[in-house]
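> Structure incoming, see below.
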């Protein structure tokens, strides 16, 4: 009986410790990457502002069947929904099964002449649950590598496609 009581108290204290540590992590996590492209802003907007053009640079969209309905794309277990657009940015809500929604933003800023920085960010708000907080530690590693690859694909698509 003492052994069971010791196990119960140990698990309880360990749970409190893990929860306490997870409370030190931020509730909003942003993974972002940027790339420099030499082009017109209309060309950047062409590729990132319309979900119908994402198949020209997003590798997952080239490899999988994407179903479009209005301003929403369904790809596998993920949903990407268009939210808003300005002259130099566009926002989406990206929902992956089992995760809280991401606010996805593309922003393009003029550096000089026709050189623009395209900044892509994933912002996720999580609750206080320890498993959600610890999951966010992997966001930058997992999302970041994929974002770098896709931004390179975007740069290639921008350089290879001529718009009217």
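> So, in the stretch 16-29, how many residues would count as being surrounded by fewer than 15 Cβ atoms within 10 Å (Cβ to Cβ) and within 15 Å of residue 100 (Cβ to Cβ)?
Start the filter on the stretch 16-29 by keeping residues that are surrounded by fewer than 15 Cβ atoms within 10 Å (Cβ to Cβ), which leaves 16-21, 23-24, 26-28.
Next, only the ones that are within 15 Å of residue 100 (Cβ to Cβ) stay: 26-28.
Count: 3.
> Something else about it: Can you name every residue in the stretch 122-159 that is without any contact (Cβ under 8 Å) to a residue 12 or more places away in the chain and out of contact with any helix residue (DSSP H, G or I) (no Cβ under 9 Å at 6 or more places or on another chain)?
Residues satisfying the conditions are 138, 141, 142, 145.
> Further question on the same structure: Take residue 60 and decide whether it is under 27 Å from residue 43 (Cβ atoms) and part of a loop (DSSP other than H, G, I, E, B).
no
> Can you spot a residue in the stretch 37-46 that is touching a strand residue (DSSP E or B) at 6+ places or on another chain (Cβ under 7 Å) and part of a helix (DSSP H, G or I)?
Within the stretch 37-46, one or more residues are touching a strand residue (DSSP E or B) at 6+ places or on another chain (Cβ under 7 Å) and part of a helix (DSSP H, G or I).
> Tell me yes or no: at least one residue of the stretch 128-143 is in contact with a strand residue (DSSP E or B) (Cβ under 7 Å, 6 or more places away or on another chain) and loosely packed, with under 14 Cβ neighbours inside 10 Å.
Start the filter on the stretch 128-143 by keeping residues that are in contact with a strand residue (DSSP E or B) (Cβ under 7 Å, 6 or more places away or on another chain), which leaves 136, 139-140, 143.
With the extra rule that they be loosely packed, with under 14 Cβ neighbours inside 10 Å, the set shrinks to none.
Taking every residue of the stretch 128-143 in turn, none turns out to be in contact with a strand residue (DSSP E or B) (Cβ under 7 Å, 6 or more places away or on another chain) and loosely packed, with under 14 Cβ neighbours inside 10 Å.
> Please verify whether the stretch 104-121 includes one or more residues that are under 15 Å from residue 30 (Cα atoms), within 15 Å of the chain's Cα centre (by Cα), free of Cβ contacts under 8 Å to residues at least 60 places away in the same chain and in a helix (DSSP H, G or I).
no
> Let me ask something else about it. Scan the stretch 76-100 for residues that are in a strand (DSSP E or B), under 25 Å from residue 160 (Cα atoms) and over 14 Å from the mean Cα position of the chain (by Cα) and jot them down.
Scanning the stretch 76-100 gives 85, 89.
> Check whether at least one residue in the stretch 3-21 is free of Cβ contacts under 8 Å to residues at least 24 places away in the same chain and either touching a helix residue (DSSP H, G or I) at 6+ places or on another chain (Cβ under 7 Å) or within 19 Å of residue 140 (Cα to Cα) (or both), and report yes or no.
The answer is no; no qualifying residue exists.
> Here's a follow-up. Among the residues of the stretch 47-57, which ones are in contact with a strand residue (DSSP E or B) (Cβ under 8 Å, 6 or more places away or on another chain) and either without any contact (Cβ under 8 Å) to a residue 24 or more places away in the chain or part of a helix (DSSP H, G or I) (or both)? Step through it out loud before you land on a result.
Narrowing the stretch 47-57 to residues in contact with a strand residue (DSSP E or B) (Cβ under 8 Å, 6 or more places away or on another chain): 48-49, 51-52, 54-55.
Passing the criteria: 48, 51, 52, 54, 55.
Read the figures in this text as sums done on the coordinates, not as results from a lab. What you are looking at is a predicted structure, and each value in this text was computed from that prediction instead of being measured. In this analysis, Cβ positions are derived from the backbone assuming ideal geometry, glycine residues included, and neighbour counts consider all displayed protein chains.
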